[in-house]
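Beneath this line is the structure, given in structure tokens, with notes to follow.
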Amino acid sequence: MGTRRKDRTIAADALPDDTLTRATVDLLRDLIRNACVNDGTADSGGEIRSVRTLEGFFAGSGLDLEVVEPHPGRASLITRIRGTDPDAPSLAFVGHLDVVPVHEAGWSRDPFAAEIVDGEIWGRGALDMLCLTASYAAVTRAIATGSFRPRGDLVFAAVADEEAGSSLGVEWLTENRLDLIDADFVLTESGGVPVGPTPSISTTIGEKGIAGRRLIVHGTPGHGSAPWGARNAAIIAADAVYRLSRYHAPVQITPDWRRYVAALGLDPALAARLLDPVRIIDALHELGTLAGFAHASTHTTISPNVVRAGDKDNVIPALATVTLDIRVLPGIAATDVDAYLREALGELMAHVTIEGEGFDAATRSPIDTPLYDALGAAARRAYPNADLLPMLSVGGSDARFYRRRGIPAYGFALLSRRWDYGMFRQLFHGNDERIDLESVSLTVNALDAVVRDLHG
């Protein structure tokens, strides 16, 4: 790992003193230490470790817990508090337990130690999204053991496999045990970043779609001792990767992007360039850490993330594969994706076959709902003049499984003023992931207020 920083951990009595926050912090640290790393294979993840932690957390609460395990170790835990009014809308807290792998050399602290340093909890999953999962659990337990009785059902679902597409998590539950996780409204990741001077609070109301594709690159085998003039599949694949990295799909200036630029409070000249399809590319670098998010918010993106070629060091490879992560904006069809690939690759298509027909369109939820109003009220308790900023996420979440069925699902949290969206995106799946204690407190107390407003 990288050079370790001098330990500046804080004492337990220095933690925030409200019960919800302390419970959330303790549980979050336990979940980080469980290291439920999902590398995309069925035998990774090990979410059963965090399910056992949650069983202990809920012990004595009186809640009936159900655990499903579609593959050994890939477990989800679900519980439901029944409301007092069967006609009142139900709300589901949906948080995942798995985290993405780490590049340990890039971390300056142990990514699974869950140290508290200078008021921040460090560790893989602290931001994505174990803080929210722990907050959901803390609020659920507090309501189960307190005097408040919600009018509608409250569902808590701590699920597996979100980081690899949810085939062993919410997708499996949707297809096999919908009764456990069904609800009228859903909260999940990601949101809560203060944006601009007012501020506005980012709230995810939709997300880009996904179109998985793989390029099969065909070459001609030969002896590695005489490479000149050979048709090496690895070299063709490298050329394909380079072309894809330089390719920009057509610009789409969406209403979501216009709202975001307006909330930033930028110099009018820069704002105008960011809303101009012709000038936006040249303006992106002026946004610093926001540049990648800005590009992804205005383009269908193609990222070549896994490249494989060759079996032996003295054989010119006849075959290579390039796996692509493609995220599509609203209005883009599967045929558009394949057309973009052909345009980007040009004459290389003579040596390339495109595999994969999977296509999940972008999803979004309406904002004229009682839950959205409750989110706004909770945000204004912490930021009195704030409005919610409805946003389209450039990544994916379990919310899409609900939105496809017409169920409003939002990504919501409440972070402190030390955050901006560039930092938020940089730490998602990045090195030195962490979250500050103030944000933990703001989030869990906001979620508690949301339940009481919606179901009071």
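The values are calculated or read from the model by the stated rules, or taken from the named source; none is laboratory data. Keep in mind the model is a prediction, meaning the values are calculated, not measured. For neighbour counting, all protein chains shown are included, and Cβ atoms are generated from backbone atoms with ideal geometry for every residue, glycine included. Remember, those area values only see protein heavy atoms, side chains included, never the ligands or the DNA or RNA. Shrake-Rupley method; radii C 1.70, N 1.55, O 1.52, S 1.80 Å.
Below is a table of values for the structure above.
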{"item": "Failed condition for residue 441, given (1) more than 22 Å from residue 295 (Cβ to Cβ); (2) open to solvent by less than 20 Å² (accessible area, probe 1.4 Å); (3) not aromatic (Phe, Trp, Tyr)", "result": "(2)"}
{"item": "Residue 258, sole failed condition from (1) more than 26 Å from residue 344 (Cα to Cα); (2) open to solvent by less than 70 Å² (accessible area, probe 1.4 Å)", "result": "(2)"}
{"item": "Residue count, segment 38-65 (criterion: of a type outside the set (A, V, I, L, M, F, W, C), exposed (fewer than 15 other Cβ atoms within 10 Å of the Cβ) and within 17 Å of residue 78 (Cβ to Cβ))", "result": "5"}
{"item": "Elements of type strands (runs of 3 or more DSSP E) in segment 29-148, at least 2 residues being farther than 20 Å from residue 188 by Cβ", "result": "66-71, 120-122"}
{"item": "Enumeration of residues in segment 356-391 that are among the aliphatic types (A, V, I, L, M), out of contact with any Phe, Trp or Tyr (no Cβ under 8 Å at 6 or more places or on another chain) and open to solvent by 10 Å² or more (accessible area, probe 1.4 Å)", "result": "361, 362, 367, 377, 382"}
{"item": "Looking only at segment 149-173, and only at residues there that are open to solvent by less than 40 Å² (accessible area, probe 1.4 Å) and assigned to a helix (DSSP H, G or I), the one that is nearest to residue 414 (Cα to Cα)", "result": "162"}
{"item": "Enumeration of residues in segment 118-142 that are farther than 18 Å from residue 160 by Cβ and open to solvent by 10 Å² or more (accessible area, probe 1.4 Å)", "result": "118, 119, 120, 127, 141, 142"}
{"item": "From the options 216, 236, residue that is over 20 Å from the mean Cα position of the chain (by Cα), closer than 30 Å to residue 312 by Cβ and part of a strand (DSSP E or B)", "result": "216"}
{"item": "Hits in segment 66-82 (condition: touching a residue at least 40 places away in the same chain (Cβ under 8 Å) and either crowded, with 20+ Cβ neighbours inside 10 Å or of a type in the set (A, V, I, L, M) (or both))", "result": "68, 74, 75, 76, 77, 78, 79, 80, 81"}
{"item": "Filter result (outside any helix (DSSP H, G or I) and either β-branched (Val, Ile, Thr) or in contact with an Asp or Glu (Cβ under 6 Å, 6 or more places away or on another chain) (or both)) within segment 419-456", "result": "428, 434, 435, 436"}
